[in-house]
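A short reminder: the numbers here are calculations on the coordinates, not readings from a lab. Source: prediction; values computed, not measured. A quick note on method: Cβ atoms are made from the backbone with ideal geometry, for glycine too, and the neighbour counts reach across all protein chains shown.
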Amino acid sequence: MMVIECIVNDKKYVLEVDPQERLLDVLRNHLGLLGTKEGCGEGECGACTVILDGKTVNSCLVLAGQAHNSVITTIEGVGNRQSPHPVQKAFVEVGAVQCGFCTPGMVLSAKNLLDKNPHPSDEEIGVALSGNLCRCTGYDKILRAVKLAAEEGK
Amino acid sequence: MKTEVVGSRALREDSWGKVFGQTKFPADVNLPNQIYGVVVRSPHPHARILNINSEEAMKLEGVAVVLTANDVPHNSHGVLFRDQPVIADYVRMVGDPVAVVGGETMEIAREAAERIRVDYEILPAIFDPEEAMKPEVPPLHPELQSTNVLYHLPIRRGSMEEGWAKADVVVEQVYKTQHVDHAFLQPEAVLAYLDERGHMVVQTATQYAHYDRGEIAHALGFRYSQVQVKTLAVGGAFGGREDISLQIIAALLALKTQRPVKMENTREESFYSHSKRHPMTMYYKTGAAKDGKLVAMQAKIIGDAGAYSSWSINVLRKSAVHATGPYEIPNVEIDSFAVFTNNPYTGAMRGFGAAQTVLAYESQMDLLAKKLGISPLEIRLRNCFQVGSITATGQELTSSVPLDQCLAKIAPYFRREVETP
Amino acid sequence: MKYYQPQSVNEAIEIAYSSQGIFLAGGTDLVLQMQKRKIQPKALIDLGRIPELHEIKETKEYIEIGSMATFSEMGKSKLIAEKASSLWLACQTMGSPQIRNQATIGGNLGNCSPAADGLPPLLALGTEAVLISGEGEKQMPLADLLGQTPLLSPGTLIVGFKIPKIHLLSGFAKLGRREALAIARLSVAVALELDGSKVGNVRVALGAVGRRAFLSDSLAHVLSQREFNESWLELGISQIQGVVRAALGDRASAPYKRVAVAGVFREAVASLRRQGGLDK
C-alpha cells in the first residue's frame, strides 16, 4: 500500500491506495465519485476522462501514484443544478445527451477546451472531442452544444 | 391538425442528471457486504464439459462460492426458445459461461476464475451456415429442429417463368455482410439481492425488464411475483440488451450465498457474451425490362444464427419481408433461412434484419441501371412504392408512401454521370 | 508491488538496480499490460517527477527532447514544428488528446510497438538516442538501437533524443482505420536536404511494416542526389512498394499494405512540401 495526496474538485485528500490501482479506481471506489465511467478500460472510449493538472487524461490509464500531488477535476466538480456550467447547459438545450454514458467525459473534454481556448473553431472542437466516443452517435449535436457554449461565453 | 406536442421542442428531463454525472448506471450501485461475481467462459466453440475442478480456486482466501451447471435449478433461457444454458455443461460457442465465481472482491473473484480448471471434450465445430444447413450435418439443437435450419420463410408472388420472360436485362450477384457488435458504451453490470421478503431484486440495464423477470423466475424456480427487475440508466443498447446477459447468474449467486451480488463485465467479456448482428449471405437475381421496370426478383438469404436462436426467426423474417426494398416487383421468389452454427449467437441489432438486405437490393438497382443505361435515380423513380403498390407479401400500401417525394428532394444534389452501355 | 517516484536520473538508476523494478513513463501501454496481467512488475519507478527528462530544448548541434516529453508537449512546441516537422506531424494524430497528454516519446521507444508513431520521424531525422545505466551514459543512433535485441538491457533508462540540426525538410503520414484513436496500419516519415530543385541526402523510415520501425537503406540510396520532381515521387513510390513487399513477405496484410504505401508515401512527401513552405 502507499499514500497519495491529491486535490479532487477543490478538496484535499490523503489516501492509502494499492499501487496497482488506477486513478479511475481511486475516484470511483475510494472517493465514491461515480460520475467517472469505465467504458473500455484501455484508453479508447474516453468515458473515464478527467482533468489532471489542467490536461484531460483517461483515468483508466493513470496509476494512482501518478496522480500523487496533483489537482483533479471530475464531473462532480463541474457545475450543479443551481449553476450549471455553460457546456452542461448547452448539452441539455441542444439535446446532446442520449444514453448519457459518454456525457461526463464529453463535458470534461469540452470544458477543458473552453478553459484554454474560449473561442474554438469547429475543427478545434472536433479535435478536442476526438478522444471521446459516443455510440448513440449524437456527435453532431454534441459538437453543436460545445459551439453554443462557446458563443454563450462570448 | 394542431397539437401542443407535435412540433414543439421538449428538453429531455433525464439529461440534467447525465450532464452532472449523477445518473446511476448499473455499475454505480452497490450494497454493503456484497460479493463480486466473475464468469468463466469457454474458449472452445463446440465442446462437452467432462469435469470442472475448482479446488485451487476455493483454496484462495475470500472465495465464497463456485457454481456450475449443476447448481442451476432450471438451466435455460432465451427470448423465443429457452435453448441457451444459464451455465453450460455443453458448449456451443466461444464465450458460453461454464462456471461462476463469487468472491469478496473483484480481484479475488478474477484470480479464482483463472484457477478453475475445465476439462473439455472438444467437438468438431461448424462456422459456415451454408455447410451447417445440409441435412446430413448433425443439428446443434435437436430438441428444436432436426437440422440446423432453425427457420425458413418462403415468399412467393406472381410467376417467375413469366417474369424472366419479360426481362431484357438480368443481374445476378452474391452479397455478404459480417458480424457486428453493438459496442454500447456501458458494459453489462448487475446488482442482485434478496430483499426482506425473500424476493429477488435485480438492478440492471435492460431493454426488457418484464422478459428478464420471467427468465430469472424460471431459472431460479421462483414465482413471477417473487422477482423484481429494476431498470437503471441504460448506457446504450441497440438491441444488444434484449437477451439476458448477467442477470440470472447474479441472481443465482445471490440466492446461493444469501448476499448481495455485484457483477460487471470488462469490455472484452462484453464482446464475448452478448449477441451480434446476423452476418448474411444473399443470392440475388433481378430482372428489368427495357423501360426500366423491374419484372422479377429471386433472393435466397441465409442468416447465421450462431449458437442460439435469440431473435433469429424474427430477424430473418424481417429480412425476407424487406428483400425487395421499397420497389414494386410483380414476380418474386424469396427464401430466407436462419441457420445454427458454432459462431457467436446473433440477435437484435439496429434495423433487425432490414439493414443487411439494403446492400443487396440497392446494389442490384445500381447494376441494373448501368445495364439499362439510365441513371440510378431514374430506375428508383420508375419502381418505387407508391400509394396503391402491392408488396411481395401481398400487402397493399394505402397511405403515407412518400419515397418519390424523398427522391425528388435529393435529385438536385445528384450529379452522377450516366454511363452509356 | 512497490512504487517509487525518484527526483533525479541517478536516483532512478539506483532504484532500478536495487528493486529490479521497471520504469514507468506515461503509462498508456504499461498500465494496460498490467491490467491484463501480461506484466506483473516487482516495482514501478515512475519517471514523472524528474524535471530534466521533460525538457525540449535547442543546443548548438541538436534539438534535444527529454524522454518524458509528452506527445502534446512536442505537438505544441514551436521548435519541433519548425525544425522537426515530421515528428510534430506525428504528434498531432497519435492516439487522442487524452493519450497525447499522457504518452511520452521515451515510452514510445521503450514499449516499441511496431506501430509506434514517434519512431519513424525520429529515424528519418537521424536521431541519436541517449541512454543511461549503472555503467554510465551512452549515445547511439536510434537506427542502431532499434536493431538490437533486446532493445534495452535491464536497468537502462532512456534519457532522451538528440536530433541533429542539419537543415532537413521532413514529413510524415499515417494510415489508420479512422482519423482519431487509430493505431497506425502503416506510417512513413521522409526527411531530405533540398538545394534548389535538387535533393541531397534522403532518409525514409517506415512503421507498422515489421517488428519495429526501420530506416530503409535502399530508399536512401535510390532517392538521394536527384532532381526533386514528379518522377522522383514516382520512383519513390515504386521503390517503397518493393521495400514493403520484401518486409512483409506473405503476411496477410501484405497485399493491402503494398498498395496502400503508395498513398502514404505520397502524402508524407506532400506534408514535407507543405511544412517546408514549398506548397501552400
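Numbers below:
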quantity: Relative contact order of the stretch B:296-421, pairs being alpha-carbon contacts under 8 Å that are 6 or more residues apart, as %; calculated: 27 percent
quantity: Where the Cα pairs of the stretch A:86-152 fall when distances are cut into 5 Å bins, in %; calculated: 4, 21, 36, 27, 11, 2
quantity: Total formal charge among the other residues, if their Cβ is under 12 angstrom from that of B:GLN34, Lys/Arg +1 and Asp/Glu -1; calculated: 0
quantity: Most to least packed among B:170-178, A:136-144 [average Cβ atoms within 10 Å]; calculated: A:136-144, B:170-178
quantity: Around C:SER271: net Lys/Arg minus Asp/Glu count, Cβ-Cβ under 11 Å; calculated: +2
quantity: Exercise: per-residue mean of other protein chain Cβ atoms within 10 Å, B:20-29; calculated: 6
quantity: Under 23 Å from the Cα of C:LYS257 - lysines, other chains or at least 8 residues apart; calculated: C:LYS174
quantity: Hits among lysines - C-alpha to C-alpha of C:LYS57 under 23 Å, sequence gap 8 or more where chains match; calculated: A:LYS55, C:LYS76, C:LYS78, C:LYS83, C:LYS138, C:LYS162, C:LYS165
quantity: Only Lys, Arg (+1) and Asp, Glu (-1) charged, at Cβ; chain C dipole about Cα centre in debye; calculated: 980 debye
quantity: Separation between Cα centres of the stretch A:24-60 and the stretch C:35-106, rounded to whole Å; calculated: 22 Å
quantity: Selected from B:VAL180, B:VAL190, B:VAL227 as most flexible by GNM, with chain B as the system and alpha-carbon contacts under 10 Å; calculated: B:VAL180
quantity: Charge dipole magnitude, Cβ of K and R +1, D and E -1 - the stretch C:1-46, Cα centre, debye nearest 20; calculated: 340 debye
quantity: Alpha carbon centroid spacing (whole Å) that separates the stretch B:182-228 from the stretch A:80-154; calculated: 35 Å
quantity: Spatial separation of Cα centroids for the stretch C:188-254 and the stretch B:89-109, in angstrom; calculated: 50 Å
quantity: Other-chain or far-sequence residues with amide H under 5 Å of B:TYR327's (modelled H); calculated: B:PHE385
quantity: Cβ crowding within 10 Å averaged over residues, with B:92-101, B:212-221, C:99-108, C:13-22 ranked highest first; calculated: C:99-108, B:92-101, B:212-221, C:13-22
quantity: Burial ordering of B:TYR284, B:TYR345, fewest other beta-carbon atoms within 10 Å first; calculated: B:TYR284, B:TYR345
quantity: For B:TYR151, distant residues with modelled amide H under 5 Å away; calculated: B:ALA338
quantity: Per-residue average of Cβ from other chains inside 10 Å of A:43-51; calculated: 4
quantity: Charge dipole (the protein assembly as shown, unit charges on Cβ, about Cα centre) - positive-most of B:GLN186, C:ALA129, B:ASN343; calculated: B:GLN186
quantity: Relative contact order (percent, whole number), the stretch C:169-275, Cα cutoff 8 Å, 6+ residue spacing; calculated: 31 percent
quantity: Most mobile listed residue (B:GLU268, B:GLU242, B:GLU107) in chain B, GNM with C-alpha springs under 10 Å; calculated: B:GLU268
quantity: Shielding score for C:44-51, defined as the mean number of other chain Cβ atoms within 10 Å; calculated: 2
quantity: Whether the stretch B:343-418 is rounded, prolate or oblate, judged on the alpha carbon gyration tensor where a/c under 1.5 counts as rounded; calculated: oblate
quantity: Magnitude of the charge dipole, chain A, Cβ model with Lys/Arg +1 and Asp/Glu -1, debye to 20; calculated: 420 debye
quantity: Label zone at C:GLN7 (point 7 Å along Cα-to-Cβ), backbone N below 19 Å, the stretch C:37-57; calculated: C:45-55
quantity: Gyration tensor verdict on the stretch C:1-91 (Cα atoms; rounded if a/c is under 1.5, prolate if a/b is larger than b/c, oblate otherwise); calculated: oblate
quantity: Distance-filtered residues of the stretch B:291-321 - backbone nitrogen under 12 Å, label point 7 angstrom along B:LEU80 Cα→Cβ; calculated: B:303-306, B:308-320
quantity: Eligible aspartates and glutamates near B:LYS371 by straight Cα distance, threshold 15 Å, same-chain separation 8 or greater; calculated: B:ASP168, B:GLU172, B:ASP291, B:GLU362, B:GLU417, B:GLU419
quantity: Among C:ARG178, C:ARG203, C:ARG226: highest mean-square fluctuation, GNM of chain C, C-alpha pairs under 10 Å; calculated: C:ARG178
quantity: Nearest-ten-degree value, helix A:103-116 long axis tilted from longest Cα axis of chain A; calculated: 80 degrees
quantity: Under 19 Å, Cα to Cα: Lys pairs in the stretch B:133-285, sequence gap 8 or more or different chains; calculated: 4
quantity: Relative contact order (%) - the stretch B:17-134, alpha-carbon pairs under 8 angstrom, separation at least six; calculated: 39 percent
quantity: Residue-count net charge about B:ARG277 - beta-carbon cut-off 11 Å; Lys, Arg +1, Asp, Glu -1; calculated: 0
quantity: Modelled FRET efficiency - R0 60 Å, C:ASP144 with A:GLU151, Cβ distances, 0.05 increments; calculated: 0.65
quantity: Mean residue ellipticity (222 nm) of chain B, computed from DSSP H runs ≥ 4 via -39,500 (n - 2.57), nearest 500; calculated: -7000 deg cm²/dmol
